[in-house]
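Right, one structure below, let's go through it.
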Amino acid sequence: MNWLLLEPSDISPDGPVVLRGDQARHVRKVLHAAPGQRLRLGIVDGPLGIGEVLGTDPDGTIRLRAEWNPAPPPRPRIDLLLAMPRPKVMRRLWPVLASLGVGRIFIANAWKVERGYFDTPALDPTTIRAGLLEGLRQAGDTLLPEVSIHRRLRPLVEDVLPTLPAYSSRWIAHPDAASTSLASLPSFGRTLLAIGPEGGWIPDEVDLFRRHGFAPLSLGPRILRTDTACAVLLGLLQAAGA
Ligand code: SAM
């Protein structure tokens, strides 16, 4: 936990910030916070800031004086369309995706996604939120990615995506794709990356994406696990300026 993230409802406009529960325990037991110590803070979907420890109360709560940055951090310009992986991988990915920084996550169906995957607790709003918050606390961000779940791929690509603000680049990650070098690309604007299911995209799906302006992107013939592909591709796109 590199940053302490507070819910907007935890903040009172005039009084000190009060930490309770796990976050207070972390500050006491791991950070050994003493009065005067400065801690990195954020408000979910709000600004980052710094908190100075004022003291610890007998019930274990911690009081802080907070100073907030004027504006929240910028929203990441990369969105991710991810074919639903196995539930245990999905659960592991929520914090990874939030720490890497994505604006929006479309969880999608694909031919090789098992139907039962959509009925798993890994897609419960509370699980999603807890995982994303863990990643934001790790990375020093406050903006929860927007998550939507799409049990049908084609209506997502054909009907939903065109209603969103335009992307300046769209990529479909596919090991068979003719290789595109990220280094040779002009700088990106808003970007959408589609990562396939564990069985891979089928040719019809690759065609569907191509017809909707997605350029194929390959990391070469070594097939990566979905979670590794997410981390590498999001990292590369960000390094290339997305
Ligand atoms: N059995 C599948 C295949 O052979 O295509 C493997 C799919 S892989 C576990 C899941 C997804 O990660 C792929 O659909 C693709 O989006 C992405 N991926 C994995 N390795 C990749 C690579 N070398 N280049 C581009 N994308 C890759």
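The values are calculated or read from the model by the stated rules, or taken from the named source; none is laboratory data. Keep in mind it's a predicted model, so treat the numbers as computed, not measured. For neighbour counting, all protein chains shown are included, and Cβ atoms are generated from backbone atoms with ideal geometry for every residue, glycine included.
Would you mention how many residues in the stretch 114-151 are in a helix (DSSP H, G or I) and of a type outside the set (A, V, I, L, M, F, W, C)?
Pass one, the stretch 114-151, residues in a helix (DSSP H, G or I): 115-119, 121-123, 125-139.
Narrowing further to those that are of a type outside the set (A, V, I, L, M, F, W, C): 115-117, 119, 121, 125-127, 129, 131, 134-135, 137-138.
Number satisfying all stated conditions: 14.
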Given (1) within 12 Å of the ligand (Cβ to nearest atom); (2) within 26 Å of Val160 (Cβ to Cβ), index of the condition Leu224 fails:
(2)
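Scan the stretch 1-22 residue by residue and report those that are surrounded by 18 or more Cβ atoms within 10 Å (Cβ to Cβ), out of contact with any Ser or Thr (no Cβ under 7 Å at 6 or more places or on another chain) and more than 22 Å from Pro145 (Cα to Cα). Lay out the reasoning, then the answer.
Residues of the stretch 1-22 surrounded by 18 or more Cβ atoms within 10 Å (Cβ to Cβ): 3-6, 17, 19.
Filter once more, keeping what is out of contact with any Ser or Thr (no Cβ under 7 Å at 6 or more places or on another chain): 3-4, 6, 17.
Once the filter is applied, which keeps residues that are surrounded by 18 or more Cβ atoms within 10 Å (Cβ to Cβ), out of contact with any Ser or Thr (no Cβ under 7 Å at 6 or more places or on another chain) and more than 22 Å from Pro145 (Cα to Cα), the stretch 1-22 yields only Val17.
Is there a residue being closer than 30 Å to Arg38 by Cα, modelled with pLDDT of 95 or more and more than 14 Å from the ligand (Cβ to nearest atom) anywhere in the stretch 77-94? Steps first, please.
Residues of the stretch 77-94 that are closer than 30 Å to Arg38 by Cα, as a first pass: 94.
Okay, now just the ones that are also modelled with pLDDT of 95 or more, so 94.
Within this subset, residues satisfying the condition of being more than 14 Å from the ligand (Cβ to nearest atom) are 94.
Looking through the stretch 77-94, at least one residue is closer than 30 Å to Arg38 by Cα, modelled with pLDDT of 95 or more and more than 14 Å from the ligand (Cβ to nearest atom).
Out of curiosity, is Leu219 more than 10 Å from the ligand (Cβ to nearest atom) and not assigned by TED's automatic domain parsing to the domain that holds Asp159? First the steps, then the outcome.
Numbers: more than 10 Å from the ligand (Cβ to nearest atom): no; not assigned by TED's automatic domain parsing to the domain that holds Asp159: yes.
Spelling it out, it is not the case that Leu219 is more than 10 Å from the ligand (Cβ to nearest atom) and not assigned by TED's automatic domain parsing to the domain that holds Asp159.
Please find, among Asp79, Asp45, the residue that is under 30 Å from Ala194 (Cβ atoms), surrounded by 20 or more Cβ atoms within 10 Å (Cβ to Cβ), touching a Leu at 6+ places or on another chain (Cβ under 7 Å) and of a type in the set (Asp, Glu).
Answer to the check: Asp79.
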Quick one: would you say Val102 is outside the structural domain of Val232 (by TED's automatic domain parsing), assigned to a loop (DSSP other than H, G, I, E, B) and surrounded by 22 or more Cβ atoms within 10 Å (Cβ to Cβ)?
yes
Looking at (1) free of Cβ contacts under 8 Å to residues at least 60 places away in the same chain; (2) within 19 Å of Arg86 (Cα to Cα); (3) touching an Asp or Glu at 6+ places or on another chain (Cβ under 8 Å), which one does Leu224 not meet, given that it meets all the others?
(3)
Return the pair list, or none, for Cβ contacts closer than 9 Å from residues in the stretch 70-88 that are among the hydroxyl-bearing types (Ser, Thr, Tyr) to residues that are crowded, with 24+ Cβ neighbours inside 10 Å and in a loop (DSSP other than H, G, I, E, B), at least 6 apart or on different chains.
none
